[in-house]
Amino acid sequence: QVQLRESGPGLVKPSQTLSLTCTVSGDSITTNGYYWNWIRQPPGKGLEWIGNVAYSGSTYYSPSLKSRTTILRDTSKNQFTLQLSSVTPEDTAVYYCARDRTVVGGTLFDYWGQGTQVTVSS
């Protein structure tokens, strides 16, 4: 089975960079056809897709966050990371990593991490 686990600091100060790591087990992040995503959910709001890194190493970002977002991967550790710069309290959210692939009819997110709370506060 595929398991994803988020890790990183739970508290970040405004203007700093939020950094999280997703560790994947049960499948290689280079497996053909899969994409490895970061998604967040602010309190009381819906899910917001941040971006992903593909099995090929290509990255894709939400237009609204692209200027502040970097997603990297480390294939030797089977991990991928999120860096979100210049954070404000509006970036406070539960952050998830998740796997997906494009299927007929849409996109399927089949495996998720349990999520990690990140609070931006001074």
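Taking Cα centre as origin and charging only the Cβ of basic (Lys, Arg, +1) and acidic (Asp, Glu, -1) residues, the dipole magnitude of the range 25-122 rounds to 100 debye. A 1.4 Å probe run over the chain, with the rest of the protein chains in place, finds 53 Å² accessible per residue. Here r is the Cβ-Cβ distance between Ser15 and Tyr60 and R0 is 30 Å; the resulting FRET efficiency, rounded to 0.05, is 0.70. The value of relative contact order for the range 70-116, using C-alpha pairs under 8 Å at least six residues apart, is 26 percent. Simple spin-label estimate for Ser76 and Leu47 gives 3.3 nm between the two label positions (7 Å along the Cα-to-Cβ direction from each Cα). Summary value for the chain: 35 percent relative contact order, contacts being C-alpha pairs under 8 angstrom separated by 6+ residues.
Share of carbon and sulfur in the accessible area of the chain stands at 48%, probe radius 1.4 Å. When only alpha carbons are used to place a centre, the range 82-122 and the range 1-75 end up 6 Å from one another. Put simply, the convex hull of the Cα atoms in the range 1-69 casts, on average, a shadow of 5.9 nm². Of the chymotrypsin sites (Phe, Trp or Tyr not before Pro) in the range 28-122, not one is in a loop by DSSP (not H, G, I, E or B) with at most 11 other beta carbons within 10 Å.
Within the assembled protein chains, the solvent-accessible surface assigned to Arg73 is about 80 Å², based on a 1.4 Å probe. Remark: the Ser67-Val94 segment gains 7.7 nm on full extension, using 0.36 nm per residue and subtracting the alpha carbon distance.
The values are calculated or read from the model by the stated rules, or taken from the named source; none is laboratory data. None of these values were measured; they are calculated from a predicted model. As a convention, Cβ positions derive from the backbone with ideal geometry for all residues, glycine included, and neighbour counts pool all protein chains shown. To get the accessible areas, we keep the full protein, side chains included, count just its heavy atoms, and leave off ligands, DNA and RNA. Shrake-Rupley method; radii C 1.70, N 1.55, O 1.52, S 1.80 Å.
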